[in-house]
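The values are calculated or read from the model by the stated rules, or taken from the named source; none is laboratory data. Computed from a prediction, not measured in an experiment: that's the story for all the values here. All Cβ positions, even for glycine, are placed from backbone atoms using ideal geometry, and neighbour counts span all protein chains on display.
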């Protein structure tokens with residue numbers, strides 16, 4: 001038991017000793033590790049310090065370099081600014097010198113002007129002194145004449161006294177003669193004078209009425225003759241062509257195979273072309289032709305030119321179509337301006353606003369009743385100038401009449417949409433672009449929508465009617481023509497006493513046959529006037545319409 005206890009105690013002591021030995025070994029190894037770690041840390045700290053020092057040195061080097069560069073740059077900027085200041089100073093100095101020289105030249109010129117004015121003033125003073133001397137001489141002459149006049153006046157007074165005495169003697173003799181005549185005629189002086197005045201007055205009134213009537217008839221005959229002569233001469237001197245414009249253009253193709261290329265896959269090309277131009281493209285069975293339809297001639301022309309380019313190029317697709325249409329529209333705008341400028345130059349019209357020149361060019365692509373609007377306006381302008389010359393107006397008024405004739409229908413091609421009539425719209429456009437008030441009134445009054453206030457306005461109205469109403473100038477659609485003819489006849493048939501009405505000469509004459517029992521000769525004249533006024537108020541028509549009322553009395557009997 002003691003042995004076992006000793007063993008146990010020995011084991012315990014050994015364990016304790018072993019524990020301390022192990023602890024000492026572990027402590028020693030831990031100490032070694034700490035020393036290694038500390039040494040490594042010291043090395044890293046040293047390396048870090050060296051790196052930091054190197055970085056600081058590099059940073060200081062870079063800072064010095066940047067500082068030197070900044071100083072160099074500042075020096076260059078400073079030198080540049082100094083040079084610029086010197087250049088500016090030299091420039092200002094040269095400008096000052098040139099200004100000073102100009103001022104010197106102006107001063108010299110002013111001195112020369114002053115000297116010239118002084119010499120002119122001196123000459124005027126000399127003339128004035130000469131005039132004063134002449135006036136003094138004339139004054140002396142007047143004084144001499146005044147003395148002569150006084151002497152003549154005295155002689156005249158003496159003669160007047162003698163004449164007065166003789167007049168008194170003559171009056172007395174006249175009174176005695178009148179009394180003797182009154183005794184012979186059994187009439188007083190007042191009664192005889194009154195009868196004589198009444199007889200003379202009655203004869204004068206009769207002669208005056210006859211003279212006035214003759215003058216009125218002569219004036220009417222002369223006025224009609226002169227008016228016809230002026231209009232005929234104006235028409236004879238104007239030989240113009242006419243052009244028929246449609247709402248449809250035909251584009252010819254070299255082959256029908258191109259139709260499929262123009263239509264495109266599922267119709268995309270033709271839809272793109274219609275959307276870009278605003279015109280309708282009709283591809284039908286017509287051989288080697290495509291129909292372009294649009295109420296706007298400019299859109300139709302854009303579509304035609306675009307198709308021509310696309311077919312010539314061969315590349316037809318939506319993007320290409322939009323590009324070509326844009327180019328064609330731009331070129332057509334330039335062409336419109338060129339047409340307007342050429343028209344203005346041909347008519348010898350100066351100072352027209354560029355916008356109005358463009359509007360004149362747009363007339364080329366507009367028609368009225370089939371008559372080309374530009375041709376009509378040029379014709380009207382030439383007729384206005386001719387008629388103004390025939391009427392004996394001044395060249396300035398003739399040019400103004402030509403200008404108004406060219407611009408009278410410019411409201412028909414206005415770009416903005418409005419409810420105003422083309423005459424009023426054209427007048428406002430002319431006023432906006434600083435045209436003369438005479439031209440503005442002529443444009444606005446050529447359809448009697450505003451009051452005429454000058455001689456040019458009726459000339460423009462007459463020449464517009466001449467150009468539009470001459471045979472072959474205009475063309476109407478058959479339906480509208482027949483409708484207008486029917487309305488013309490119905491309007492005449494609406495009056496009492498009218499038996500039949502016929503529209504003749506393409507609607508330019510209306511012959512009305514009336515019942516002789518209901519309509520008298522006097523009423524026939526009134527009926528013709530009433531029908532013409534009703535046509536003028538209720539219908540629109542080119543030119544003029546002649547109304548002829550026919551009243552015929554027939555007596556019929558039969559011999560059996």
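Brief remarks follow.
- Of all residues in region 460-503 being exposed (fewer than 12 other Cβ atoms within 10 Å of the Cβ), part of a helix (DSSP H, G or I) and modelled with pLDDT under 80, the one that is nearest to the chain's Cα centre (by Cα): 480
- Filtered by the rule that a residue be under 33 Å from the mean Cα position of the chain (by Cα) and within 12 Å of residue 261 (Cα to Cα), region 297-323 gives a lone residue, 307.
- Condition check for residue 349: over 29 Å from the mean Cα position of the chain (by Cα), surrounded by 16 or more Cβ atoms within 10 Å (Cβ to Cβ) and in a loop (DSSP other than H, G, I, E, B): no
- Filtering region 334-346 to residues that are more than 18 Å from residue 399 (Cβ to Cβ) and exposed (fewer than 15 other Cβ atoms within 10 Å of the Cβ) leaves 334, 338, 342.
- In region 276-310, the qualifying residues are those that are in a helix (DSSP H, G or I) and without any contact (Cβ under 8 Å) to a residue 24 or more places away in the chain, and the one that is nearest to residue 332 (Cα to Cα) is 299.
- Any hit, region 311-330, residues being touching a residue at least 60 places away in the same chain (Cβ under 8 Å) and loosely packed, with under 15 Cβ neighbours inside 10 Å: no
- Residues within region 540-554 that are under 49 Å from the mean Cα position of the chain (by Cα) and at pLDDT 80 or above, tallied: 6
- Within region 402-425, not a single residue is over 21 Å from residue 375 (Cβ atoms) and buried (at least 24 other Cβ atoms within 10 Å of the Cβ).
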